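Note sheet for the following structure.
The values are calculated or read from the model by the stated rules, or taken from the named source; none is laboratory data. Please read all numbers here as calculations on a predicted model, not as lab measurements. Note that each Cβ is placed from the backbone with ideal geometry, even for glycine, and that neighbours are counted across all protein chains shown.
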Amino acid sequence: MRPFGLFLLSALSSVLSCSSTQGVPSPNSSPRGGSAPVGAAGGGAGTAANAPAGGVFGGSSGGTSTSGSAGAAGVGTTGSASGGGSGNSAGSSSGSGGAAGTSGTSGTSGTSGTSGTSGGGGAAGPPFGHPDPTVTAPKYDGFTLWIVEDFTQPLDLDHDPIWTYSDGGFQTHRFTKDAITFADGKMVLTLSDTSAASSCSFANTGVVPQQARTTGELRSKHNWFRYGRYEARLKAPSVKPNDATTNGNYIASLFTYRQPACQEWREIDLEVTGDSANHLSTNLITGDNDCNFSPDKQQVQAFELPGNFRTDFQTIGFEWLPGSIKFYYLGADGKPVQVRELLSAKVPTLSAKLLANLWVFAPPFDFGGTMGENDQLPFRAEYDFIRFYKWDQDLDYPCAGMSASCLKAEDVDLTSNNACDGIPLTGNLAACKQCGTTVRMACTDKCQ
């Protein structure tokens, strides 16, 4: 998917345990821009590539918390004061106990010191996020379940430590926070004919023109993510109300995307599209110092999966490792079924954001389905969960405790998402080329 003004959207510690390869390349797949050929046919599980030499990558680490303050000294005669009690932590472990009180002066026994104050903790985990304690997620050898969003409670997208929203624009629509809602244990992205005025976008780093539609894009705050497994269980829109057979145009997605694309465009896509009820498009998009789409930037291939994305929830995923991307879905037995393995020197090595969004293409509907004239808005894409499994051999990403401490200067360059995410604008805006209809400028709007 090439969000905000863009034409969008190896070491294996274990090989996907796929019992079969059931995805069939779609003869109707239309690559972005309508001119790129469909990539090489998908097939059975690929063989593992060699692991990177020298042990470059290491294990993962969890949240941190600070210790409680010392308890007050006891007073009295010959007795010594008791130490302060331990502080509580909001993070993954309790704060350490307060220091022992000093000895009392001579006389009767001193009273105990007061307890230490609570330690300031990081986010609890892994897994971080908001996992449902009643749900048991699958386990994969060589990977650690790192982030789980089961959407059992609404996310506070202005203050959540991991997630926020995009204020960008693309094609015919503008992304807004209000188009992301939470109900009945699901995240719902709604695309509607609600217009949005022209304004400056932090996500686009520039002014987005007036748009006729609004929709939602959930995204991580930072370029945190790299090697691991990414999964989402989602249900796509019906093109017409109570009609799961009519085809139209839409894209409901899960993808990684490095921001800003005007410097290093690195994107791995899973896109459920409106050209059939079981259509899944997979893609890798790469580019340097050019955020305007052209067919040579992509490696797209589409598949017809079992089931129906419009009537049932289905789980799709990809495994991203050095030099390799494997795209898959979970079968009825809950096991991965691989549809494609992409081995390429273009597989990203840089970290990226994790996103989910819903959008439609403008006429002539070059991607997402050619029958866009059938679309009857509003559209709703529902997400039952989003999961990320960190590859155990990646030492660098994500940061310990889901802080921003591991991010390099280039990881935070021009990476704001909206006026309320608290991420300052850093980097050289003039170095970014024009992308689509966005007019480059630094936004100064205040959080509302």
Checklist outcome for this item: Filter the range 342-398 for residues that are part of a strand (DSSP E or B) and small (Gly, Ala, Ser); the one that is farthest from Glu217 (Cα to Cα) is Ala352
Next on the checklist: For the range 416-447, which positions are crowded, with 20+ Cβ neighbours inside 10 Å and touching a Ser or Thr at 6+ places or on another chain (Cβ under 8 Å)?
Outcome noted: Ser416, Asn417, Asn418, Asp421, Cys432, Thr438
Checklist entry - Can you name the residue in the range 126-182 that is among the charged types (D, E, K, R) and closer than 30 Å to Asp392 by Cα and is also surrounded by the most Cβ atoms within 10 Å (Cβ to Cβ) among such residues? => result Glu149
Checklist entry - Being within 24 Å of Glu231 (Cα to Cα) and surrounded by 19 or more Cβ atoms within 10 Å (Cβ to Cβ), is that true of even one residue in the range 371-378? => result no
Checklist entry - Can you tell me which of Gly307, Gly323, Gly369 is on the phi > 0 side of the Ramachandran plot, modelled with pLDDT of 95 or more and out of contact with any Leu (no Cβ under 8 Å at 6 or more places or on another chain)? => result Gly369
Next on the checklist: Going by what's in this entry, would Asp178 be described as of a type in the set (D, E, K, R), out of contact with any Gly (no Cβ under 9 Å at 6 or more places or on another chain) and within 27 Å of Pro131 (Cα to Cα)?
Outcome noted: no
Checklist entry - Are there any pairs with C-beta distances below 6 angstrom linking a residue in the range 217-234 that is on the phi > 0 side of the Ramachandran plot to a residue that is crowded, with 24+ Cβ neighbours inside 10 Å and of a type in the set (Ser, Thr, Tyr), with the two at least 6 apart or on different chains, and if so which? => result Gly228/Tyr389
Item to check | Search result, residues across the range 219-254 that are in a loop (DSSP other than H, G, I, E, B), under 24 Å from Leu407 (Cβ atoms) and of a type outside the set (A, V, I, L, M, F, W, C) | outcome: Lys221, His222, Asn223, Arg226, Tyr227
Next on the checklist: Out of Phe318, Phe303, I need the residue that is part of a strand (DSSP E or B), over 22 Å from the mean Cα position of the chain (by Cα) and not basic (Lys, Arg). Which one?
Outcome noted: Phe303
Item to check | Subset of the range 255-265 [part of a strand (DSSP E or B) and surrounded by fewer than 24 Cβ atoms within 10 Å (Cβ to Cβ)] | outcome: Glu264
Checklist entry - Looking at this structure, is Glu264 charged (D, E, K, R), under 20 Å from the mean Cα position of the chain (by Cα) and at pLDDT below 95? => result yes
Checklist entry - Quick check, is Gln314 at pLDDT 95 or above and polar (S, T, N, Q)? => result yes
